[in-house]
Amino acid sequence: MVAKKKVVALILSPRRLGNCEILAKEICRHLPCEHELELIRLTEKKIKPCRGCYACLMGGSCPLEDDFPVVARALSDADALVIASPTYFLGANGVLKVFLDRCLQLFSGDFDLRGKPALNLVTAGLQSEAGATEMMLNSFSLIMGLDIKASEVFYGALPGEIFLDNPEQYARAGKLGEKLFAVEKREYAAWACPLCGSDVVQLQGGDRIQCMVCRNYGRLIREGESFRMEVELRPDNMFFTAEQAHQHGLWLKGMKDRFLGLKKKLGAICTAYADQGKWL
Ligand SMILES: Cc1cc2nc3c(=O)[nH]c(=O)nc-3n(C[C@H](O)[C@H](O)[C@H](O)COP(=O)(O)O)c2cc1C
């Protein structure tokens, strides 16, 4: 007997039965395999902001007590993830970033999402105003080492509106369901970064560019009426491969000795600012 797949939908919208939630559920109706769907509404979980104490990397555990371990465990135990964020002021809901920052503990090896298939979904009220939301989701998934099977934006402002008289968005949702467990690699747009599929770049002067998701450098090449990106994997990239993520973890751990060596000098710099201003 084939075991049921466990799909976890990480819903970043606080709206119950809002567009993110119904989109994730619609997609799961089209999964070509038996599955159980577990939903996490991240805004209803207590996730405190990272304190930047690095205890998680120095052999200790995170001192913050909240729902982070439960959510992280659920993501780790999943066979696949569906991540859906609404666009809030041109970006993802802030809980995504708060959660991501806490994932520093990933480098201590407590949980590992590397290679897990994932869909990145964005909802936005207006076609021209989705801003950086898709980039933020893709960046999150890349840092987590997820295998992004697709990343798409759905438009609709009111709850349910993404499917209001919109057979095109219904059809796209259905196709995404078929992609989550597909063995084939994701197809990237002809103009997208050939390494990660993102189409967001920073112009660096001349024809030089940096991909804003995988942070590799390259060139923008004119091809007929269009452009394409030529990008090379940096050997010092932090998260692109498992080995690079591991090396970054080692580098972070090495900072402890650097800090101990410089503690006195650094302390003198910082305490010079200790009594300035009045905190609210
Ligand atoms: C605080 C806030 C800010 C928003 N900012 C944007 C925006 O910048 N661009 C946009 O297209 N839609 C914006 N929206 C609309 C939502 O992205 C849209 O309604 C989306 O479908 C919500 O998904 P949900 O129903 O899952 O919450 C905003 C909504 C809220 C509540």
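The values are calculated or read from the model by the stated rules, or taken from the named source; none is laboratory data. Please read all numbers here as calculations on a predicted model, not as lab measurements. Cβ: placed from backbone, ideal geometry, glycine included. Neighbour counts: every protein chain shown. Just the protein is used for accessible areas: all its heavy atoms, side chains included, with ligands, DNA and RNA removed. Shrake-Rupley method; radii C 1.70, N 1.55, O 1.52, S 1.80 Å.
Hey, got the Cα dimensions of the stretch 132-278 along the principal axes, in Å, largest first?
64, 41, 33
State the percentage of accessible surface on the chain attributable to carbon and sulfur atoms; use a 1.4 Å probe and exclude ligands, DNA and RNA.
Carbon and sulfur atoms account for 56 percent of the accessible area of the chain.
Probe 1.4 Å, all protein chains in place: accessible area of residue 56 in Å², nearest 10?
Probe radius 1.4 Å; accessible area of residue 56 about 20 Å².
Cα centroids of the stretch 123-146 and the stretch 9-26: how far apart, whole angstrom?
The distance from the Cα centre of the stretch 123-146 to that of the stretch 9-26 comes to 15 Å.
Consider all pairwise Cα distances in the stretch 216-280 and report the whole-number % of them above 16 Å.
Cα-Cα pairs in the stretch 216-280 separated by more than 16 Å: 71 percent.
Work through the residues other than residue 95 whose Cβ is under 14 Å from its Cβ and net out their charges, Lys, Arg +1 and Asp, Glu -1.
Summing Lys/Arg as +1 and Asp/Glu as -1 gives +3.
Taking Cα centroids, how far is the stretch 45-61 from the stretch 173-205 in Å?
32
Residue 112 accessible area, nearest 10 Å², 1.4 Å probe?
The accessible area of residue 112 comes to roughly 100 Å².
Measuring from label point to label point, each 7 Å out along Cα→Cβ, what is the residue 184 to residue 2 span in nm?
So the label points at residue 184 and residue 2 sit 1.8 nm apart.
Per residue, how large is the accessible surface of the stretch 188-255? Use a 1.4 angstrom probe and give square angstrom. Write down the numbers at each step before the final one.
On the way: 4080 Å² over 68 residues.
Accessible area per residue, the stretch 188-255: 60 Å².
Could you sort out which of 48/116; 5/46; 97/149; 179/253 sit more than 31 Å apart by Cα distance in this structure?
With Cα atoms farther than 31 Å apart: 179/253.
Find out how many positive minus negative residues lie around residue 232, taking Lys and Arg as positive, Asp and Glu as negative, among other residues whose Cβ is under 13 Å from that of residue 232.
Taking every other residue near residue 232 into account, the sum is +2.
Considering only protein heavy atoms, with the full assembly of protein chains and a 1.4 angstrom probe, order 34, 21, 161, 44 by accessible area, largest first.
Per-residue accessible area, sorted high to low, gives 34, 44, 161, 21.
Which aspartates and glutamates have a Cα less than 14 Å from the Cα of residue 185, not counting those fewer than 8 places away in the same chain?
147
Determine the equivalent ellipsoid of the stretch 188-255 by diagonalising the alpha-carbon gyration tensor, then write out the semi-axes as square roots of 5 times the eigenvalues, largest first, rounded to whole Å.
For the stretch 188-255, the ellipsoid semi-axes come out as 28, 12, 8 Å.
Any chance you could run the full-extension gain for residue 275 through residue 126? It's 0.36 nm times the residue separation minus the Cα-Cα distance, nm to one decimal.
48.9 nm
What does the accessible area per residue of the stretch 1-185 come to in Å², with a 1.4 Å probe and no ligands, DNA or RNA counted?
With the other protein chains kept in place, the stretch 1-185 gives 48 Å² per residue.
Helices from the chain with mean Kyte-Doolittle at least -1.0 and a Cα length along the axis of 27 Å or more, per DSSP H: which?
In the chain, the long hydrophobic H runs are 242-271.
What share of all Cα pairs of the chain, in percent, falls into each consecutive 10 Å distance bin?
The calculated distribution, bin by bin, is 6, 24, 32, 24, 10, 3, 0.
What number comes out for the charge environment of residue 248, summing +1 per Lys or Arg and -1 per Asp or Glu over other residues with Cβ under 14 Å away?
Net charge around residue 248: +2.
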